[in-house]
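Beneath this line is the structure, given in structure tokens, with notes to follow.
Rule-based calculations on the coordinates, nothing more; no lab input. Computed from a prediction, not measured in an experiment: that's the story for all the values here. Please note: Cβ atoms are built from the backbone with ideal geometry, for glycine as well, and neighbour counts cover all protein chains shown.
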Protein chains: 2
Amino acid sequence: MKFLAEIEILPKKGLLDPQGKAVLHGMSQIGLPQVSDVRVGKFITLELEAGSEAEATEAAETASKKLLANLIMESYTVRVKAL
Amino acid sequence: MKFLAEIEILPKKGLLDPQGKAVLHGMSQIGLPQVSDVRVGKFITLELEAGSEAEATEAAETASKKLLANLIMESYTVRVKAL
């Protein structure tokens, strides 16, 4: 079966996020001063073959830990759905 | 009321995604040859003040269109939840 894994990666809370700060600054300039915090991370989708949703989730977790996220500075969330 | 907007931005289908191709190549090397496609985009969260969920969604849409996504090359998805 084919699955789509969606992985969201964000800088950990409490760590500096200079890109987020820059975007926050831009918000006032486009007329959105009500935005009080911005964090910028990565969004990665994987298409993969797996026997079950659990197996696909495990593969996506492995990919996140070994290749996609820097666990010292980033946290990640994995969502998996059948295609 | 405070809301959290989560914005996922991906290169449009059919457009070249060299970063995705590079990550796909890395998948075989970490023992995940079952991954057949990878797309790499941005994940951005906004904390904002708004009178209603609809109003928060509208602000997040404005931010996506005016500042965060390049609509020629990228598509975006907005999710909003109350904090």
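General observations
- Centroid-to-centroid separation of the stretch A:6-80 and the stretch B:1-55 [C-alpha atoms, Å]: 7 Å
- Residues whose amide H lies under 5 Å from that of residue B:74, counting only those 5 or more places away or on a different chain, are B:12; hydrogens are built 1.01 Å from N in the peptide plane.
- Cut-off 9 Å between beta-carbons: net charge of the residues surrounding residue A:41, Lys and Arg +1, Asp and Glu -1: 0
- Counting only lysines at least 8 places from residue A:81 when in the same chain, those with an alpha carbon closer than 16 Å to its own are A:2.
- Cβ-vector label at 7 Å, residue B:65, separations to other copies in nm: 4.3
- Angle in degrees between helix B:18-29 and the longest Cα principal axis of chain B, rounded to the nearest 10: 50 degrees
- In degrees, nearest ten, helix B:53-63 long axis to first principal axis of chain B (Cα): 60 degrees
- In this simple spin-label model, placing a label point 7 Å from the Cα along the Cα-to-Cβ direction at both residue A:36 and residue A:71 gives a separation of 3.3 nm.
- Per the Debye formula on identical point scatterers at the alpha carbon atoms of the protein assembly as shown, with no solvent, log10 I(q)/I(0) at q = 0.21 Å⁻¹ is -1.34.
- Counting only residues at least eight positions apart within a chain, or on another chain, the lysines with an alpha carbon under 18 Å from that of residue B:21 are A:42, A:66, B:12, B:13, B:42.
- The rotation axis taking chain A to chain B passes closest to the C-beta of one chain A residue; that residue and the distance in whole Å read A:43, 2.
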